[in-house]
Amino acid sequence: MKRKIQISLRISIAVAAYVFIALKIGFSGIARIFELVIGSFNSANLLWFSLIIALMPVVWALEAVKWRKAIALFTKVSFLRSWQSVWYGVVAGQLTPNRIGEPVGRLALIDEDVRGKAGVAAIWCSFTQQIATVLFGLLSIIWWIVVKQLNVLPLGVPLWIVLAIILIWVVFMLYLIFDGRRIAHWFEGFGWMRNLLHGERLDFSFSISTILFVQTISIIRYLIFSTQYVLLLRLFGVDASTTDLYAIVGLTYLFSSIIPSFSASEVGIKAGFAIWFAGMISSNAVGVTAASLFLWMLNLAVPALIAAWFPWKRSL
C-alpha cells in the first residue's frame, strides 16, 4: 500500500508539472520550442552552443574524478573505468525513481569484495553534490528576498523557518560527510544488507583531505552545469541579468531536488520550477522550457544512451 501511495504521488507530481508547463506555453508551445531551438543554432550562437556541449564531458569527467577519489581508500581504478562506472550509474538512474539506482549502477565495474564499501561511497558522493545544491539554493533565496525584495516563498511562510530547515539539513549532511561511518553503520543495521555483503565490513572513514577534495569538485560541477543552464536561458531569449539567472537556476535545482520524480518527469519538474521562478522577471516560458529540455538531453539522456551500449567488461 505504501509503495502504491508513493507511485501515485510521483505520477501526480509529474502530471501536475506537465500540465503547468502546457498551460504556460500554450497549445502551440511544443512547436514553438522546436522552432526556437532550431532557430537559435545560427552562426552568431554557434560558439556558445559549442561551449555548452563541450562542458558536458567536463561535468562527467569531474564526477569520475570524484568517484575515483572516493573509492581509492579500498580499491584502485583507472580514470576511464571510473568514468564508465559513473555512466553505468546514469543508465541505472534513468530506470529508477529520483535516480536512486545511480549508486547501484556504479558498482558494475567494482570488485565484488568491496562493493558494499563502494555503495556507501556512492551515496556519500551524492551527499556532497546535494550540499552544493542546497548551499547555492540558500544563496538564491537570500538574493531574491533580501537583495531583490521579491518573495519566492508561499504566502504566510516565514523566511526564518525556511532558512532554519535548510541550515539544519546542511548541518546534518555535513555531519554524515565528515563521519562516513554513520552511513556505513546505518546500512549494516539492515539484515538483508548484511546478507548481501557476504561478510564484508563497512567500517571505514574518509580523510579530511578526501572530504575537502570531493566537496570542492562537487561545487565546481554545480557551477559548471549551472553555467550551462544560464547560457541556454540567454540563448533561448530569457532576458535577465546574469546574477538573476543564476539565482533562478539555484532555486530550480534546490526545489526540484526534494520532489519525488521518475526520469520521464524530471525534466518537466525542473522546467516547471524554472518557469515559476523565471516568471518573476520574464514571461518567456517557451525559452525556459527549451533550455531545461536541451540541458536534460545533453547532460543525462545522451550519456545514458551512450552508456547503454558500453560493453559489460572490466578491461579498462
Selected residue (only one of Lys69, Lys4 is in a helix (DSSP H, G or I), more than 26 Å from Leu305 (Cβ to Cβ) and modelled with pLDDT of 70 or more): Lys69
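Every residue in the range 152-170 that is of a type in the set (Val, Ile, Thr) and over 18 Å from Val214 (Cβ atoms), please.
Selection gives Val152, Val157, Ile161, Val162, Ile165, Ile166, Ile168.
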Among (1) hydrophobic (A, V, I, L, M, F, W, C); (2) modelled with pLDDT under 80; (3) outside any loop (DSSP other than H, G, I, E, B), the one test that Ile258 misses: (3)
Cβ-Cβ under 6 Å pairs, at least 6 apart or on other chains, the range 270-299 side more than 27 Å from Ala54 (Cβ to Cβ) and at pLDDT 80 or above, far side assigned to a helix (DSSP H, G or I) and among the charged types (D, E, K, R): Ile281/Asp244; Ala285/Lys24
In the range 224-248, residue nearest to Leu138 (Cα to Cα) [restricted to those that are of a type in the set (A, V, I, L, M) and without any contact (Cβ under 8 Å) to a residue 40 or more places away in the chain]: Leu245
Residues within the range 130-158 that are of a type outside the set (A, V, I, L, M), outside any helix (DSSP H, G or I) and under 15 Å from Trp276 (Cα atoms), tallied: 2
Some residue of the range 94-103 being surrounded by fewer than 22 Cβ atoms within 10 Å (Cβ to Cβ), in contact with a Leu (Cβ under 8 Å, 6 or more places away or on another chain) and closer than 23 Å to Thr252 by Cα: yes
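The values are calculated or read from the model by the stated rules, or taken from the named source; none is laboratory data. Note that the structure is a prediction, hence the values are computed from the model and not measured. A quick note on method: Cβ atoms are made from the backbone with ideal geometry, for glycine too, and the neighbour counts reach across all protein chains shown.
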